[in-house]
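Here the structure comes first, spelled out in structure tokens, and everything after it is commentary.
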Amino acid sequence: MTKKIKIATFLFISLCVLSISVYYVIFDEEHINVIATEPELHLSSRSLVASFSKNEQNANDNYKNKVVEVTGSIKEISYLNNRSTLILEGNTRSSSIICDIQPNHKMKLKKLKEGDTITIKGVCKGYLKDVILLNCVLTNQNTNE
Amino acid sequence: MNKILIQLFFLLNFVPSDSISEQVITRQGQVSFFSYTSVENIEAKNNQVLSIIDLSKQEIAISMLMNAFVFKKSLMHEHFNESYIESDLYPKATFKGNFIDFDPNIEGSQTKFVKGTLTIRNISKEIEIKTNIEKIDGKFIITGDFELTVKDFEIKIPPILRPNIAKVISVTFRFEYQPYEE
């Protein structure tokens, strides 16, 4: 009898542990897998910045937390704070797009230089003085070849 | 005579250019926060924090997107944005303040206080933060850390998750500024 209870308790606890771990595995995947996701929107870096500077609320409704594909000219490549960041030109000198590149796409940056036109896919997070894209991957490289 | 002329030339050229760049900016400031409990440690980083300092007025302004904090686990990211911070309703956190007795002309390192208003979830708190200011070749780097009480910002944590989240969150920051050209 006690043995049965012991086995039952053991089974119950293992079931609990199992279900918790399954829950974590399922819900703990990358929230948006950028590489596999088809971008919902494709536009130029200038027009993305323009729509945010014109009407931030509207632009947030259209782009925030969505995978967007942006084509634009590289203003700066930065490795500040151990991050790999591409800054794409916006429609004015003071506003740009800050693209935080996924670590596994870091190597691709080495072939790029300022002034190159590239296409990037990432999750749009919103706007401060610049538009911010996270989890970015390079989708094609129109280097000057 | 010639030497004096050359020195004069340099003085005239460099002194004014130093005082022209009165504002400095960073678009890639780093803010991290940590929550340590016996159950789990939670850490998040935001690498796209905007900050501008007006050196002549000794004013500093900081703004960040709450949904741009990156967590190790996406479940934490989800809870943070949807339940605690409600980043759809309150997308930004800001800080506006003044340095106390800060001399932007001193090269090297100095420790100063910044007094100002921190706003998270539309709730404003007056805080005073000790910062380390470093000036190397005319470039400013500001670092520091401070603590925030979760309760102060009316963040509701469900009882079942209360042991997982510290009551006091430690925050660290690092801002590397560049001259600001509008």
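Worth pointing out:
- Shielding value for B:45-51 is 5, the average number of Cβ atoms from other chains within 10 Å of each residue's Cβ.
- Computed label-point distance, nm, for sites B:GLU154 and B:LYS139 using a 7 Å Cα→Cβ extension: 4.3
- Axis of helix A:45-54 versus longest Cα principal axis of chain A: the two differ by about 80°, to the nearest ten degrees.
- Summed side-chain charge close to A:CYS124 - residues other than A:CYS124 whose Cβ falls under 10 Å, Lys, Arg +1, Asp, Glu -1: +2
- Order of B:MET66, A:MET107 under a 10 Å beta carbon neighbour criterion, fewest first: A:MET107, B:MET66
- Among beta bridges from DSSP that stay inside the protein assembly as shown, the antiparallel ones total about 90%.
- Net charge, A:LEU134 excluded, C-beta distance under 10 Å - Lys, Arg +1, Asp, Glu -1: 0
- Cysteine residues of the protein assembly as shown whose Cβ has no partner cysteine Cβ closer than 4.7 Å: A:CYS16, A:CYS124.
- The simple spin-label model puts a point 7 Å past each Cα toward its Cβ; for A:LYS106 and A:SER47 those points are separated by 3.5 nm.
- When the GluC sites (Glu not before Pro) in segment A:39-130 are filtered for DSSP coil states and for at most 14 other beta-carbon atoms within 10 Å of their beta-carbon, the remaining sites are A:GLU40, A:GLU114.
- In segment A:59-145, the chymotrypsin sites (Phe, Trp or Tyr not before Pro) that fall in loop regions by DSSP, at most 16 other Cβ within 10 Å: A:TYR79
- 0 to 90° range, to nearest 10: angle between helix A:2-27 axis and chain A longest Cα axis: 10
- Fully extended contour minus Cα-Cα distance, from B:SER74 to B:THR172, at 0.36 nm per residue: 33.2 nm
- Candidates A:ILE120, A:ILE101, A:ILE35, ranked by Gaussian network fluctuation over chain A, Cα under 10 Å, top entry: A:ILE35
- If you take all other residues with their beta carbon under 14 Å from the beta carbon of B:SER83, and give Lys and Arg +1 and Asp and Glu -1, the sum is -2.
- According to the calculation over all Cα-Cα pairs in the protein assembly as shown, the P(r) per 10 Å bin from zero is 5, 22, 28, 23, 12, 5, 3, 1, 0, 0, 0 %.
Where a number appears in this text, it was derived from the coordinates with a stated rule and is not lab data. Quick caveat: nothing in here was measured; it's all calculated off a predicted structure. Positions of Cβ are backbone-derived with ideal geometry, glycine not excepted, and every protein chain shown enters the neighbour counts.
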